[in-house]
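Inspection log for the structure reproduced underneath, given as structure tokens.
Every read-out reported here was derived from the displayed coordinates using simple, explicitly stated rules and does not represent laboratory data. Only a predicted model underlies this, so the values are computations on that prediction, with no experimental measurement involved. Every residue, glycine among them, receives a Cβ derived from its backbone with ideal geometry; neighbour counts consider all protein chains shown.
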Amino acid sequence: MAPEPATVTYLFHLAAGRDERITLRFAPETHLLLPEDGDAPPAWTHLAFHPCAPCPLAPTPGALCPFARALGGFVHRFDAFYSYERAVVEVITAQRTMVAPCSLQEALASIAGLIGATSGCPLLAFFRPMARFHLPFASEQETLVRAFSLHLLGEYLKAGGSGARPVSVEALEARYAAVSEVNRGMANRLRAAFSRDAAVNAIIILDTFAQAVPFVAGEALAELRPLFEGIPAPPPRSVGR
């Protein structure tokens with residue numbers, strides 16, 4: 001029997017008693033977002049509509065931006081709200097339910113980051129392993145630790161488990177520089193397509209962190225160094241007789 005898709009549900013409790021539920025389904029092995037059947041994609045999801053500068057995809061007729069297409073199924077529901085409006089948001093996975101009171105832009109930033117990472121956008125694919133272990137409303141330090149840890153793990157696995165590939169903060173910074181370009185392109189798309197600012201500001205929140213990484217990565221990781229000091233080396237492995 002084929003494994004069931006993993007799911008993450010965001011339940012927004014909005015002003016005036018209005019609720020919005022968004023359930024995302026992911027392919028079991030790749031954790032790519034599974035598309036939902038629905039209406040024809042809106043015009044702003046087309047690849048040629050405010051494309052991000054480094055997009056490697058060919059702008060063939062009718063081609064869609066993967067990130068925009070994935071956002072297009074739900075983001076219109078929030079065009080009646082401003083970014084600063086408050087919400088209580090439940091994030092429900094198979095393992096746990098997390099609840100946070102926050103601004104709408106913060107909640108949308110969390111789900112937009114998850115969607116972008118799993119949408120099939122080649123410039124955001126780096127974050128798909130992080131999305132597999134989604135941590136909503138993570139702090140900047142939590143996000144940076146998770147990003148660098150999975151970057152390290154990815155390089156280890158690519159080297160066949162030998163640990164032979166060099167790993168650097170500079171490589172992580174280069175990833176985030178490309179992500180910032182994607183975020184700016186997406187913000188331009190949403191700004192042109194919608195009248196209110198909740199979705200746009202959600203992307204801006206993601207971009208603020210992406211732009212900060214080159215300036216804070218080294219310092220933030222240095223702050224963690226004392227946590228690893230004084231840890232003894234592992235005991236020698238016993239040799240069987």
Task: Filtered GluC sites (Glu not before Pro), the range 23-95: DSSP coil and at most 10 other beta carbons within 10 Å - done: GLU29
- [ ] Please give, to one decimal in nm, the separation of the simple spin-label points placed at ALA63 and HIS76, each 7 Å out from Cα toward the Cβ.
- [x] 2.5
TODO: Compute the distance in nm between two label points, each set 7 Å from the Cα along the Cα-to-Cβ direction, one at TYR156 and one at ARG86.
DONE: 4.3
Open item on the list: Of the listed values [x] 245; [y] 185; [z] 121, identify the label whose number matches volume of the Cα convex hull per residue in Å³ calculated from this model.
Closed with: [y]
Open item on the list: Mean Kyte-Doolittle hydropathy of 0.5 or higher plus an axial Cα length of 24 Å or more: which whole DSSP H helices in the chain meet both?
Closed with: 198-228
Task: Amide hydrogen neighbours beyond the local backbone of CYS121, cut-off 5 Å, H modeled - done: PHE67
- [ ] Between VAL167 and ALA94, take the C-beta separation as r, use R0 = 41 Å, and let me know the FRET efficiency to the nearest 0.05.
- [x] 0.85
